[in-house]
């Protein structure tokens, strides 16, 4: 098995394509050139640091360092999910809901894969644990952020209808059924679209990397299917926890709609 190594000059040459994007933004006055270049610079720094950290983790193979790395990934994922929401829960609840749901979903799905299909030995082997957790977290983060954002937006938009149902004696879970259902559907759509397009419209990054590294295409397909199933399960689990916890936060034991628990909104 062999693969083509890349020089820094090769990577720099591909990076010129980002400058073309920035040039298009300047010519068409899109105002995105600074954001494009900043995002590209951030990506370079983050991936470079990740490469160094993963190299050290692979050499040490310590369960403590693996867990610490996972905790850092979970923390940043929760922050990214929070900042993508237009309206946030007050008191840090947006971060707490995102962190809690993604921690449970990411941990359960990763341990399921490590102990089952991948047969990692030891179970905390960072060569398996960190990449699997990263892929599951990335997609779960998108689902959670979209779901919470849609839940809050729907509750604000349909405030009158929800409060009318509550006034007529409906329980909070019944009155909030519409926003919860809308949030769940919205959060799952990116995952469903990704599954529908894979193999026909796109070749996923993991499968592409394995093929370029010389892995048999059929084996690469098996691994990609495993990852897609893990992503789907993790996204659904994290989304359910985040949305139902968010709905719980937007109501109370007296079955009232508590939009005052959102930043900038009062009853």
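Below are the figures for this structure:
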item: The chain: calculated mean residue ellipticity at 222 nm from DSSP helix runs of at least 4, using -39500 (n - 2.57); result: -25500 deg cm²/dmol
item: At 0.890 mPa s and 25 °C, Stokes diffusion of the chain via Kirkwood alpha-carbon radius, µm² per second; result: 118 µm²/s
item: Relative contact order of the chain, defined on C-alpha pairs under 8 angstrom at six or more residues apart (%); result: 23 percent
item: Kirkwood Rh and Cα Rg combined as Rg/Rh, the range 135-191; result: 1.10
item: Taking 160, 110 and counting other C-beta atoms within 10 Å, the order from fewest to most; result: 160, 110
item: Range of Cα positions in the range 1-60 per principal axis (Å), largest first; result: 49, 24, 16
item: 25 °C / 0.890 mPa s Stokes-Einstein diffusion coefficient of the range 199-267, Kirkwood radius on C-alpha pairs, µm²/s; result: 158 µm²/s
item: Additional length obtainable on full extension of the chain from residue 42 to residue 84, 0.36 nm per residue less Cα span; result: 13.4 nm
item: Degrees, to the nearest 10: 33-60 long Cα axis against longest axis of the chain; result: 70 degrees
item: Over the range 129-267: Kirkwood hydrodynamic radius from C-alpha pairwise inverse distances, Å; result: 16.8 Å
item: The range 51-160: Cα Rg divided by the 2.2 N^0.38 Å rule of thumb; result: 1.24
item: Degrees separating the helix 8-27 axis from the principal Cα axis of the chain, which is the longest one; result: 40 degrees
item: Cα long-axis angle, helix 177-197 against the chain (0 to 90 degrees, to the nearest 10); result: 20 degrees
item: GNM flexibility winner over the chain from 98, 13, 138 (Cα, springs under 10 Å); result: 13
item: Cα centroid separation - the range 52-123 against the range 13-28, whole Å; result: 33 Å
item: Fewest-first sequence of 125, 149 by Cβ atoms within 10 Å of each Cβ; result: 125, 149
item: Debye equation applied to the C-alpha atoms of the range 62-119, log10 I(q)/I(0) at 0.17, 0.20, 0.28 Å⁻¹; result: -0.62, -0.78, -1.10
item: Order of 123, 93 - criterion: other Cβ atoms within 10 Å of each residue's Cβ, fewest first; result: 123, 93
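A short reminder: the numbers here are calculations on the coordinates, not readings from a lab. Computed from a predicted model, the values in this text were never measured in an experiment. We place every Cβ from the backbone using ideal geometry, glycine too, and count neighbours over all the protein chains shown.
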